[in-house]
1. Pull up all non-local amide H partners of GLN372: gap of 5 or more, or a different chain, and H-to-H distance under 5 Å with H placed in the peptide plane.
2. Under 5 Å between amide hydrogens, which residues at least 5 positions from ASP36 or on another chain qualify, with H placed 1.01 Å from N in the peptide plane?
3. What is the distance, in nm, between label points placed 7 Å from the Cα along the Cα-to-Cβ direction at ASN106 and at ASN146?
4. Which ³J(HN,Hα) values, rounded to whole Hz and listed in residue order, are derived for segment 236-245 from phi using the Karplus coefficients 6.51, -1.76 and 1.60 in 6.51 cos²θ - 1.76 cosθ + 1.60 with θ = phi - 60°, glycine and proline given as x?
5. Lysine pairs in the chain with Cα distance under 16 Å, only those 8 or more apart or on different chains: how many are there?
6. Suppose the chain between THR207 and ASP265 were pulled fully straight at 0.36 nm per residue; how much longer would it get relative to their current alpha carbon spacing?
7. Across segment 190-196, in residue order, what do the Karplus-derived ³J(HN,Hα) couplings come to in whole Hz, using 6.51 cos²θ - 1.76 cosθ + 1.60 with θ = phi - 60° and x for Gly and Pro?
8. Which residues does a label at ASN298 reach in segment 246-265, if reach means a backbone N under 14 Å from a point 7 Å past the Cα toward the Cβ?
Amino acid sequence: TATQIVASTNHTCALLDDATTKCWGQNYDGQLGYGDTNHRGDGAGEMGDNLPAIDLGTGRTATQIFATSTEEMMVGGGHTCVLLDNATTKCWGYNASGQLGYGDTNHRGDSANEMGDNLPAIDLGTGRTATQIVAGYGHTCALLDNSQVSCWGSGYNGKLGYGNTSSRGSNASLTSPLAASINLGTGHTATQIVAGYGHTCAILDNTTTKCWGESSEGQLGYGDTIRRGDGANEMGDNLPAIDLGTGRTATQITAGAYHTCAILDDATTKCWGAGGHGRLGYGDTNHRGDSANEMGDNLPAIDLGTGRTATQIVAGAYHTCAILDDATTKCWGYNGSGQLGQGDWEYRGDGPNEMGDNLAAIDLGTGRTATQIVASTNHTCALLDD
């Protein structure tokens, strides 16, 4: 059985109860980690006992797994990362921007003898290990054991947070800068990080939330469309905390392709950024957070149903899902492939009277509820209570 699942744009992975790891789906760049480019799960006899465990190294098992979840609708381009039982980190798959962190742009996992003991651990700095890894589009970030944040890969739009648009980890001279910490403000560290298509966010140790990178749709939540993190003096104390409402802080955040959502300390949920397809859940397709007076107390809580609150929220590229306090699961936004789980292709959350009590819980089976959900571009998966 599975103990953790992750969904990338075109592949899915699971940690199993015997401590092995398996992946299936598209495999153009080796993102499945089997030393080839063969897709798995698209033909008979490829799953179950016929799907091998990924070789992570002699005696090594994964404790957490992460995969790119917010790519554009594209062929290929995915990468996968794991935290191992010896506290090291390994990544494989697409690597055009150095997002694997090995000081080159070579894909890994797509040819023989690239996995297992031949796949090195990523150098996160002397004595440093990761406690959380997030994989965005072309970039990867790690929350380190000292609560600092380090990012590598494509620096486009400033999503790495180093005050420029330079890539990191893509050539031999940039193997050590993976250890460079992002300036989150004087004396501040992070407790949670998330990565979207072109932006990155963190909840800090003082319970505030900051985002940097692309803001074309207001996904940073600063009331404008100005990028942050791509120029000098934009990070650290110069990067403001996001206004989530008077006295409100975030306890959980998630990032989609162009939107961001948070569960707040009062158990309400708010989303901002691109509103296309209804992914923000406000009954329209308006962007929020890209203009003045749209955040803070002016950003309403999402209506999840009478008396209902969210306990877990995940953002796919263009849709959003939540596990609610009554253990039901609801999804809204883009539904072109049935990723909302309603048995149709209708978007939800983009028109009036589609949210709240009018948004049906997903039927996961008689008596079944979800304990974890993951959402990507075109599909959604749930780990159930059984």
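The values are calculated or read from the model by the stated rules, or taken from the named source; none is laboratory data. Computed from a prediction, not measured in an experiment: that's the story for all the values here. Using ideal geometry, Cβ is built from the backbone for each residue, glycine included, and neighbour counts are taken over all protein chains shown. Ligands, DNA and RNA are excluded from the accessible area calculation, which covers all protein heavy atoms including side chains. Shrake-Rupley method; radii C 1.70, N 1.55, O 1.52, S 1.80 Å.
1. Under 5 Å from the amide H of GLN372: LEU383.
2. Correct list: SER111.
3. With each label point 7 Å from Cα toward Cβ, the separation is 3.0 nm.
4. Computed from phi, the couplings for segment 236-245 are x, 5, 7, 8, x, 6, 6, 7, 9, x Hz.
5. Pairs that pass both the separation and distance tests number 4.
6. Result: 19.9 nm gained on full extension.
7. Each residue of segment 190-196 in turn: 10, 10, 7, 10, 9, 10, x Hz.
8. It comes to 246, nothing else.
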